[in-house]
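To start, the structure itself, in structure tokens.
Just so you know, all these numbers are worked out from the coordinates, no wet-lab data involved. In this text, all values refer to a predicted model and were calculated from it rather than measured experimentally. All Cβ positions, even for glycine, are placed from backbone atoms using ideal geometry, and neighbour counts span all protein chains on display.
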Amino acid sequence: MTPDSAARYPLLLDLTARAVLVVGGGPVAARRVDGLVQAGADVTVVSPFVCERLTELIDRGEITWMPRDYRDGDLDGAWLVHTATGDRHVDDAVAAAADEARVWCVRADDAASSAAWTPAVARLGDVTVAVSGGGDPVRAVRVRNAVQSMLESGELPTHPMRRGRPPASGSVALVGGGPGDPGLITTRGRRLLSEADVVVVDRLAPRALLDELDPHVTVVDVGKTPGHHPVPQDEINRALVDHARAGRRVVRLKGGDPFVLGRGGEEAVACREAGVPVEVVPGVTSAVAVPAAVGIPVTHRGVAKQFTVVSGHEGLNWPALAATDGTLVFLMGVSLLADTAANLIEAGMAPRTPAAVIENGYGPGQRVTTAPLSGIAARAAEVGARPPAVIVVGDVVSVPTGS
């Protein structure tokens, strides 16, 4: 009687240096052999002919090939057998011999008649998740792919218990969270966030991700607003170093990209000078993403082939900026927008140059305000434009993208 799939007993096997027989030499057999070789098995393939992939493994000495049909006695000494000949009579014979010898047999042709199954496997580091599709390999692969994606993104936690790790394991990751939408953080950043013991977070980081953290994670809010920096940068640097030296995995979660006007460079230097391992995970910078959110490309063929990202504060080289042959993108510049426009025009930029102010990119209050450079400050003031906002100056503002 063939058992229901729910009655099957899941098991992981250590096949290191153990003899495994594979009967068949086609692509299906090759896929099985690849996994067995990775598991360290001593693989013998029995088949009159073999495919290109198996030929490569044979030539490298990674498997043994017996170039003939299957015979009685080939299972002697085997711990496991896979049969994938495409000939049901041969596969039946292999399975029957395996039953008699009490050797587990995996059949590629008929999962329902197989004594053992190979699941679809998702792996990340030392975490392995096996998925059975109830005899449907396509279903199993689809579920496996979804699990793999969730492992890589951090939606499924893979970290060990937080208690008892040695102090030497402390580290810092400077993670760019993107422009605010939690879906725009990288999979690497999200996974590190899921493994963190401490998260030091900025005001413009994707804070919705904090709701997914383990309850034991310490969240340190160091958010800044224009003209109000409650936690000075040197204290932030010190907190990163101190937590890491205490053996904690620290994620510095920032908006945008940590190395684009985000003081990530200063934090990386502070960590390295303190001997703390630090990793930088790039993020989608708001300088590009926020204009894109409202349909403004920072470059466009025939319009602009370069763009300049500028901190919208005082002390800028206005003649150089006004003379640029491309797009200007100002971050943190709403409060000085009138001065910025006046300085650019005084330095030679055409007053009619299109300009835009995009507020709360990807947020519920996202809004774009456009006007010529000469009138953008007045128009922004009229609508009450406020930070966070990105300012774009250049002909790309008028590109009809349809967004």
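According to the square roots a ≥ b ≥ c of the eigenvalues of the Cα gyration tensor, what is the shape class of region 274-403, taking rounded for a/c under 1.5, prolate for a/b larger than b/c otherwise, and oblate for the remainder?
rounded
Under a point-charge model restricted to the Cβ atoms of Lys and Arg (+1) and Asp and Glu (-1), what is the dipole moment magnitude of the chain relative to its Cα centre, in debye to the nearest 20?
With Lys and Arg at +1 and Asp and Glu at -1, about 900 debye.
To the nearest 10 degrees, how steeply does helix 337-346 sit against the main Cα axis of the chain, on a 0 to 90 scale?
70 degrees
Where in region 1-70 are there GluC sites (Glu not before Pro) that are in a DSSP coil and have at most 16 other Cβ atoms within 10 angstrom of their Cβ?
Counting only loop positions with at most 16 other Cβ atoms within 10 Å, the GluC sites (Glu not before Pro) in region 1-70 are Glu62.
In the Gaussian network model of the chain, springs joining C-alpha atoms below 10 Å, which of Pro182, Pro230, Pro277 carries the largest mean-square fluctuation?
Largest GNM mean-square fluctuation: Pro230.
From the Cα gyration tensor of region 167-284, with a ≥ b ≥ c the square roots of its eigenvalues, which class applies: rounded if a/c is under 1.5, or else prolate if a/b is larger than b/c, or else oblate?
Taking the square roots of the gyration eigenvalues as a ≥ b ≥ c, region 167-284 is rounded.
Relative contact order, percent, of the chain when contacts are C-alpha pairs under 8 Å separated by at least 6 residues?
Taking the mean separation of contacting Cα pairs over the length of the chain, I get 10 percent.
How far is helix 88-101 tilted, in degrees, relative to the longest principal axis of the Cα atoms in the chain, given as a value from 0 to 90 rounded to the nearest 10?
For helix 88-101, the angle is close to 80 degrees.
Sorted from fewest to most neighbouring beta carbons within 10 Å, what does the list Phe330, Phe259, Phe49, Phe307 look like?
Ranking Phe330, Phe259, Phe49, Phe307 by Cβ neighbours within 10 Å, fewest first, gives Phe49, Phe259, Phe307, Phe330.
Less than 12 Å Cβ to Cβ from Glu56, Lys/Arg counted +1 and Asp/Glu -1: what total charge do the surrounding residues give?
Charge balance near Glu56 sits at -2.
Decide, for the chain, between rounded, prolate and oblate: order the square roots of the alpha carbon gyration tensor eigenvalues as a ≥ b ≥ c, take rounded if a/c falls under 1.5, and otherwise choose prolate if a/b is larger than b/c, else oblate.
The shape class here is prolate.
Among Leu192, Leu240, Leu36, which one shows the highest mean-square fluctuation when the chain is modelled as a Gaussian network with alpha-carbon springs under 10 Å?
Leu36
What ranking do Leu331, Leu321 get, fewest neighbouring Cβ atoms within 10 angstrom at the top?
Starting with the residue having the fewest Cβ neighbours, the order is Leu321, Leu331.
Output the 0 to 90 degree angle, nearest 10, between the alpha-carbon long axis of helix 264-273 and the longest principal axis computed from the alpha carbons of the chain.
The angle comes out near 60 degrees.
For region 351-387 and region 1-73, what is the centre-to-centre distance using only Cα atoms, to the nearest Å?
64 Å
Take Thr85, Thr128 and order them by how many other Cβ atoms sit within 10 Å, fewest up front.
In increasing order of surrounding Cβ atoms, one gets Thr128, Thr85.
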